[in-house]
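Comments concern the structure below.
Values in this text are rule-based calculations from the coordinates and carry no lab data. Source: prediction; values computed, not measured. Note that we place each Cβ from the backbone using ideal geometry, even for glycine, and neighbour counts take in every protein chain shown.
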Amino acid sequence: MLKRSLVNRGDFFAALVSVLLLGLLLGAFPVQAQQVPRGPWVDEVSFFVEQDQAKAIDMLEKGEMHVFFRDLRDPELFRRVRESPNLWYIYSYGLFYELTFNPVGPEFPATGKLNPFSVPRIREAMNYLIDRGYIANEIMGGLGVPRYTALTPAFPDYARYADTLKQIEKEYAYNFEKARQIINEEMTKLGAELREGKWFYKGEPVTLIFLIRVEDQRRQIGDYVASQLEKLGFTVDRQYKTSREASPIWLRGNPADGNWHLYTGGWIATVIDRNEAGTNFGFYYTPRGQPVPLWQSYKPDPEFDRVAAKLWNNDFATLEERDELVVKALWLSMRDSVRVWVIHQIAPWPARKDVVVTYDLAGGFSAARLWPYTIRFADKVGGSVKIASTDLLVDPVNPVAGSNWIYDMFFVRATSDPALMPDPYTGLYWPNRIKNAEVYVTFGNPVGATLDWVTLRFVPEIRVPEDAWYGWDAEKQEIITAPSGTTAKAKTVIYFEDDLFKRKLHDGSTFSLADIVYSYILTFDRADPKSPLYDESYVPVFEEFRAVFKGLRIISEDPLVIEVYSDRTYLDAEWIANEAASWFFTDYLYGPAPWHVVAVGALAEEAGELAFSADKADAQKIEWMNLLAGPSLPILAAQLDKAIAQQYIPYENVLGKYVTKEEAVNRYQNLKRWYQSKGHFLVGNGPFYIEKVDPTAKAVVIKAFREFPDAADKWARFAKPSIPEAKFTKVPSAVEQGFPSELRLSVTFEGKPYRTDDIAYIKYILTSPAGTSVGFAEPVADGEWRIILKPEVTYATPIGTASIEAIVVSKLVGVPVSATASINVLSFKDSVLSEIAKARADADSKIAGLRSSIDNLNNQLNNVNTSIQGVQGSITLATALAAVAIVLSLASLGLAFTRGRRAAAQQKS
C-alpha cells in the first residue's frame, strides 16, 4: 500500500514560486512547452552582408549573428567551427564551380576581336588544360571533388551513370600538352599566329577578358586558369569582380559586344534533383535554360540539341532508352563545352547551437525551401534571428523574370508558399496546398510512385477533352480549347485544400481562382507577338512548355480540383503531380505573384516604362522591373493609381468571370496601402513578409505573417537525414583471373545496421587499365551486403592492381555514398597454377593423412595378430587339457563299467 506524504500548503506554494522563478531566470521552458504559433517560430529575420568569413565566424561565436547563409571555404575556419562549443554545422552537396565561355564569334561583331572560345574544339580542350585534382586538394583544401560533367557527383543520376562518367573522367584527365596541341591547331585555323610564345591576331595580341569572381575560391581558380592560358601564349586580362559587378556583363549583357571571354561561374542546386540528367543538358547548353542574352546565343550541335530536348521533355518510353540518351548527351556535352565543369564542393555551413533550422542536402541553409518554416531558437518561441550572407539584393526582384541569384531568392522564397514542398533529403515532393493527387500515365512510360499521397495508374490511352484549356489568343483575348483528337502521356488530377480560397495574402487580399487563371493567361501571352507583353527572350522557354502542355480543366472551382494534361513524364509520379499543380500556381519561378501585383507591372511594361526580363529591358533601353527598390517604384505606384481609377481588370473578357470590378479595386487599394506602409510592391502568401529593404546598406528584414494558415510545427519531422555510412569489411588478398571472388560491405547509420528495405540499390564499379565493369551487390542481412565478382569478370580484369567502388543509393536520402577498396589481380596462368598448387597441396595433405591412417591401421593389425597368437596359444593349451580331460573321463567310464560287470557275476554262483 502506498503512503501519501503530507506537505504543508505554505511550503508547497513557496516551492512552486521558487521553481517558477528559477525557470524564468534560466529560460528553462523549452519550445515544446510553449504554444506553437501560426506561421514561423520566430518573429523576424534580419539579413545583412558579411563577406569576411573569419569575421562571420567571430560574430557567430559572440552571438552577434545566428546563421551564416554561405558555405565555408577555408579549411582553417572550418576547423574552428568543428572545435567550437557554441557552433554546429552541416554539409551540403549541391554547390559547384565551372568556367562559362562566351560562344559568339569567331570575331565579336562589336569589336572585331578574336574569340577563340567560339570554337567548340578549343572549349573542349580546356578540359585537358585544367588539373582538377590540384584545384580540389590545393585550392579547395579537400572540401571538394573534381567535376567533369553536368551531373552532380552527389545526386542519384550520377550513381546510375557512374561507369560512363568514369570513362569520361579518364578520357578528359589533365593533359597540358594535349590541350596545347589542340588549341594550337585551332588557333592556326582561325588565322592567329604564335610569335615568340605569344598569340597574335591581325597584328594584335590575342587578349582574353577573364571575369574572375572574388567572394570565394573562384578567385584562386581563376588565377590558376589564367596562368595556364598564359602558358599557352594568350594574354589574359584578369578582371576581378563581385557578383553584382560581373552580372551586368556576363549574364545581362550582350555577349556579341565582346566585353568578356570567360567567367568563373558558380551554381547551387536548391533541391535534390532526381531528374538531373533530364534537365541539366537543356538548361546549361541550350537556349532553353534562361531568357537572357548569353543563353540565347547558344547554338549546340543539332544532334546534341535533339538529345537534350528529348531528355528535357522526358520523351522516351523506357529507362533503357533514357540511358542511351543520357550517355550520348554526356559525350556530346564534352565536345560542346560552353561550360567546363571544374569542382564539386563538399560544403560546410555553420550556425549557433541555440538555433535550429532544416537544411537541404543539395543547397545547405540558404537554398532549403523549408528554412523559413523551421528556423527557431532551441529554447523559446519568437525572437529575432540574424543571418549574414556574402551578398544580397544582387539583381532586380520580380516574380515573372527577376533575379535568380540565391542571394536574393533565399529571402524572396520566405514570402511565397508553394503548392508542394520538396523533401530536403530525397528531392521528392510533399503536399503543401493540395490534399492529394491522381496520376494517370500511358503504358510504356517508366514512372513509379513512392509516397502515399499520390495514386499512380497506367492506362492504354489519354484523350484530352475538347473543352480543356489549351492556349490563348492574344488578339481575340480568349482561351483556346484543345483540338479534337489531342492526346497526352499523362493526366494529373489535383485536389487542392478545401479552404484554399480563404487564405490571406500579405496585403490583406484573399487568394482566389483569379490568381491561377491570370497565371495561365500570362504564360501564353508573353510568347505571342500580338501581345504588348511579348518578350522574344521568353519564346524558347515557352516553346518547350508548349511542346508538352496539352490541356487544363477546372473540374471544381471551390474546393478547387483541376485536371492537367501533359506529354512530359518523370521517373517519379510525385514530380509529375508537382509540375501539374505548380504550372499556374501563384508561386512563380522567381517569387510570389498575386494577379493584381503582376497586373500593375504588366501595365508598366505595356507603357514601355519597365520590363519584366533583363533581355527586354536591355533591348528597349528601359528599366528592369524591381518590386523592391529603385526607379521602378514610382513608375509602379503611378500605374497602380491608374488601375484604381480605371477599375482595371486585365484580360477582362476572361478574368472578369472570376473577379468583379469592386474586387479588383479592393485588391489595388490593399496594394496601395501596403506600398505606403512597407515601401515596396512584393506581396506574397508565405510565412514571412518583407518589412524593410535597404539597398544601400544591403539589408533586408522579414517579419512573421501571423495570418499564415499553418502551425509552425507542420514540417518538424525533417530533423536529420539518414545518410548511410559504407565500408568494405572483407576484401580478398588476391583476386584470381577466371575464378569467382566475394567481397563484403557494411552499411550503417549512426553505428546501427541500415535496413535492407531502405536501400534502393548498391552498385559496384570495378576499374582497371582495361576499363570498367559494373554490377550490383546483393543483401545478406540488414546492414550487410556482398559483391560477387563472376569468373567472366575476373578473367577480363588485367593482372595488377584494380579498384572497386561500391555506390550506395538509399531510399531515405537522395545523396549516394560510396566505399572503395583495392584488389590485387593474379594472371589466369598464375591462377591456374595457383589452383593446381592448391589442389596438389590438398592432395599431398590427403595422401599424407592416408599414409598416416594406413600406418595406424598396420599397427592396429599387428596388435591384433599378437593378440590372436596369444589367443591361439591359449586355445592349444585349452585343447590339450580338454583332451586329457576327455581321456580321463573315458578311463573313468571304462573302469566303472568293468567294476559293474564284476559285481553282476558274483550274485549267480
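Place +1 on the Cβ of every Lys and Arg and -1 on the Cβ of every Asp and Glu in the range 95-345, take the dipole about the Cα centre, and give the residue among Ala308, Pro106, Leu165 whose Cα lies farthest towards its positive end.
Looking along the dipole axis, the top candidate is Pro106.
About the Cα centre of the chain, how large is the charge dipole given +1 on each Lys and Arg Cβ and -1 on each Asp and Glu Cβ? Please answer in debye to the nearest 20. Intermediate results must be reported in sequence, preceding the final value.
On the way: 99 positive and 111 negative charges, 844 e Å.
So the dipole magnitude of the chain works out to roughly 4060 debye.
Pick out the long, greasy-scoring helices in the chain: whole DSSP H runs spanning 27 Å or more along their own axis by Cα, mean Kyte-Doolittle at least 0.0. Before the final figure, lay out each step's value.
Working: long enough: 828-906 (113 Å, 0.25).
Once both thresholds are applied, what remains is 828-906.
Quick one: check the C-alpha center-to-center distance for the range 759-779 versus the range 524-543, whole angstrom.
First find each Cα centre; the distance between them is then 48 Å.
Which of the aspartates and glutamates could a cross-linker bridge to Lys616, judged by Cα under 16 Å and excluding same-chain residues fewer than eight apart?
Candidates past the 8-residue exclusion: Asp395, Asp525, Asp528, Asp535, Glu536, Glu605, Glu606.
Loop only per DSSP, at most 11 neighbouring Cβ atoms within 10 Å: give me the trypsin sites (Lys or Arg not before Pro) in the range 531-605, ordered by residue number. Could you put the intermediate results ahead of the total?
On the way: sites: Arg546, Lys550, Arg553, Arg568; in loops: Arg568.
Answer in residue order: no site qualifies.
Give me the dipole magnitude in Debye, nearest 20, for the range 391-717 about the Cα centre, with unit charges on the beta carbon: positive for Lys and Arg, negative for Asp and Glu. Don't skip to the answer; put the middle values down first.
Numbers: 32 positive and 47 negative charges, 113 e Å.
Its charge dipole is roughly 540 debye.
So if I place +1 on the C-beta of Lys and Arg and -1 on the C-beta of Asp and Glu, and nothing else carries charge, what would the dipole magnitude of the range 274-415 be about its Cα centre? I want it in debye, nearest 20. If you can, show how the numbers build up before the last one.
Numbers: 16 positive and 16 negative charges, 107 e Å.
Roughly 520 debye, rounded to the nearest 20.
Which FRET efficiency, nearest 0.05, do Leu451 and Ala699 yield, Cβ-Cβ r, R0 41 Å?
On the way: r = 39 Å, r/R0 = 0.96.
Taking R0 as 41 Å, the efficiency between Leu451 and Ala699 is 0.55.
Starting from the Kirkwood Rh over alpha-carbon pairs, what translational D in µm² s⁻¹ does the chain have by Stokes-Einstein at 20 °C and 1.002 mPa s?
Details: Rh = 32.4 Å.
Translational diffusion coefficient: 66 µm²/s.
If you split all Cα-Cα distances of the range 686-791 into 10 Å bins from zero, what percentages do you get per bin, shortest first?
With a bin width of 10 Å, the distribution comes to 11, 27, 17, 12, 13, 14, 6, 0.
Please express the shape of the range 391-717 as an equivalent ellipsoid: the semi-axes are the square roots of 5 times the eigenvalues of the C-alpha gyration tensor, given largest first in whole angstrom. Walk me through the numbers before you get to the answer.
Details: eigenvalues 198, 112, 71 Å².
Values for the range 391-717, descending: 31, 24, 19 Å.
Compute the FRET efficiency between Leu194 and Asp641 as 1/(1 + (r/R0)^6), taking r as their Cβ-Cβ distance and R0 = 41 Å, and round to the nearest 0.05. Please list the in-between numbers first.
Numbers: r = 65 Å, r/R0 = 1.58.
Computed FRET efficiency for Leu194 and Asp641: 0.05.
Any chance you could check the Cα centroid distance between the range 166-242 and the range 358-436 for me, in angstrom?
Each part reduced to its Cα centre gives a spacing of 38 Å.
Whole-Hz ³J(HN,Hα) for each residue in the range 745-762, computed from phi via Karplus 6.51 cos²θ - 1.76 cosθ + 1.60 with θ = phi - 60°, x for glycine and proline: what do you get?
These are the phi-based 3J(HN,Hα) values: 9, 9, 10, 9, 9, 6, x, 9, x, 7, 4, 4, 5, 8, 9, 6, 5, 10 Hz.
What residues have an amide H closer than 5 Å to that of Val780, excluding those fewer than 5 places away on the same chain, when H is modeled at 1.01 Å from N in the peptide plane?
Trp785, Arg786
Among the lysines, which fall within straight-line cross-link reach of Lys720, defined as a Cα-Cα distance under 24 Å, with same-chain neighbours fewer than 8 residues apart omitted?
Lys353, Lys380, Lys386, Lys752, Lys811
Within 10 Å of each candidate Cβ there may be at most 15 other Cβ atoms; applying that plus a DSSP loop requirement, which chymotrypsin sites (Phe, Trp or Tyr not before Pro) in the range 396-443 survive? Numbers along the way, then the final one.
Numbers: sites: Trp405, Tyr407, Phe410, Phe411, Tyr425, Tyr429, Tyr440, Phe443; in loops: Trp405, Tyr425, Phe443.
Loop-located and lightly packed - Phe443.
Considering amide H positions built from the backbone, and no H for Pro or chain starts, which residues 5 or more places from Ala699, or on another chain, come under 5 Å of its amide H?
Here the answer is Asp694, since their amide H atoms fall under 5 Å of that of Ala699.
Which ³J(HN,Hα) values in Hz, rounded to whole numbers, follow from the phi angles of the range 527-533 under the Karplus curve 6.51 cos²θ - 1.76 cosθ + 1.60, where θ = phi - 60° and Gly and Pro get x?
Running phi through 6.51 cos²θ - 1.76 cosθ + 1.60 with θ = phi - 60° gives 9, 9, x, 7, 8, x, 9 Hz.
Please state the relative contact order of the range 725-830 as a whole percent: Cα pairs under 8 Å, 6+ residues apart? Working shown, then result.
Numbers: 254 pairs, mean separation 37.3, N = 106.
Over the range 725-830, the number comes to 35 percent.
Ile209's amide H: which non-local residues (gap 5+, or another chain) put their own amide H closer than 5 Å, with H modeled 1.01 Å from N in plane and none for Pro or chain starts?
Amide H neighbours of Ile209: Asp237, His261, Leu262.
Which aspartates and glutamates, if any, have their Cα less than 15 Å from the Cα of Lys846, not counting same-chain residues under 8 positions apart?
Leaving aside aspartates and glutamates fewer than 8 places away in the same chain, those within reach of Lys846 are Asp855.
From the residues Trp575, Ile690, Gly601, which one has its Cα farthest along the dipole of the range 564-717 in the positive direction, the dipole being from +1 and -1 charges on Cβ of Lys/Arg and Asp/Glu about the Cα centre?
Value: Ile690.
Along the charge dipole of the chain, Cβ charges K/R +1 and D/E -1, which of Ser803, Phe458, Val654 sits furthest on the positive end?
Of the listed residues, the answer is Ser803.
Within the range 499-543, report the trypsin sites (Lys or Arg not before Pro) that DSSP leaves as loop and that have at most 13 other Cβ atoms within 10 Å. All intermediate terms of the calculation are to be shown ahead of the outcome.
Numbers: sites: Lys502, Arg503, Lys504, Arg526, Lys530; in loops: Arg503, Arg526, Lys530.
When the trypsin sites (Lys or Arg not before Pro) of the range 499-543 are filtered for loop state and at most 13 Cβ neighbours within 10 Å, Lys530 remain.
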